[in-house]
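The values are calculated or read from the model by the stated rules, or taken from the named source; none is laboratory data. On a predicted model such as this, the values are computed, not experimentally measured, just so you know. Counting neighbours? That spans all protein chains shown, and the Cβs are built from the backbone with ideal geometry, glycine included.
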C-alpha cells in the first residue's frame with residue numbers, strides 16, 4: 001500500500017476519488033512527474049507555480065514521450081485530487097500555489113483558506129502545512145470538520161495554504 005492508497009482509503013468514497021485512485025494505480029509516473037517538475041521550477045529560481053498549468057504541461061510532456069500512436073488521456077477531474085495530494089505529501093510546497101475550492105476538499109478532508117495577504121504579490125508566502133503523518137492521525141481520530149489554522153487548536157484535518165480562491 002502506498003501513500004495514495006492510504007489517503008484514498010481514509011477519504012470519502014465517491015466516483016471522482018475512485019477515478020483518481022484508478023488513474024494513479026495505472027499511471028504512478030504522473031505523480032512523480034508533477035512533483036519533479038515543481039522541484040525543477042524552484043531549482044531554476046521560480047518562487048511559485050500553478051497546478052492548472054502544471055497539469056496541462058504534464059499532459060503535453062507525457063503524451064509527447066509516448067508518441068502520436070499512443071494517446072495519453074488525463075482526466076481533468078483528477079487534477080484537484082493531485083493538487084491536494086501533493087500538498088499533503090509535500091509540505092515544502094506550502095504557500096507556493098493557489099487553490100480553488102473543489103469537491104476534492106470535502107472528499108479528502110482538506111480546506112482552502114482565505115487569502116493571507118491583500119495583494120497578489122504577497123499571496124505566495126509560506127505558511128504551515130500538515131504532513132501526511134498528521135493528516136493520517138487526524139483521519140484516525142473522529143472525522144471532525146477542518147479547522148482554520150488562524151485559530152490555536154490541534155489540527156483535525158489538513159488545511160491547505162490560505163491563498164486566493
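Within the range 39-80, take every residue that is in a loop (DSSP other than H, G, I, E, B) and under 19 Å from residue 21 (Cα atoms) and give me the one that is farthest from the chain's Cα centre (by Cα). For the range 39-80, the residue satisfying everything is 72. Selection of first residues in the range 58-78 that are modelled with pLDDT of 85 or more and of second residues that are outside any helix (DSSP H, G or I) and surrounded by 11 or more Cβ atoms within 10 Å (Cβ to Cβ), restricted to Cβ pairs under 6 Å at least 6 apart or on distinct chains, gives the following pairs, ordered by first then second residue: 59/74; 62/72; 63/72; 66/72.
Of all residues in the range 1-23, exactly one satisfies the criterion of being in contact with a helix residue (DSSP H, G or I) (Cβ under 7 Å, 6 or more places away or on another chain), under 18 Å from residue 76 (Cβ atoms) and without any contact (Cβ under 8 Å) to a residue 24 or more places away in the chain, namely 21. Any residue that is over 26 Å from residue 40 (Cα atoms), modelled with pLDDT of 80 or more and not in a helix (DSSP H, G or I) - is there at least one of those in the range 87-107? Yes - at least one qualifying residue is present in the range 87-107. Taken over the range 58-80, the residue count meeting the criterion of being surrounded by 14 or more Cβ atoms within 10 Å (Cβ to Cβ) and in contact with a helix residue (DSSP H, G or I) (Cβ under 7 Å, 6 or more places away or on another chain) is 8. Looking only at the range 1-38, which residues are assigned to a helix (DSSP H, G or I) and loosely packed, with under 14 Cβ neighbours inside 10 Å? The answer is 5, 9, 15, 18, 22, 25, 26, 29, 32, 36.
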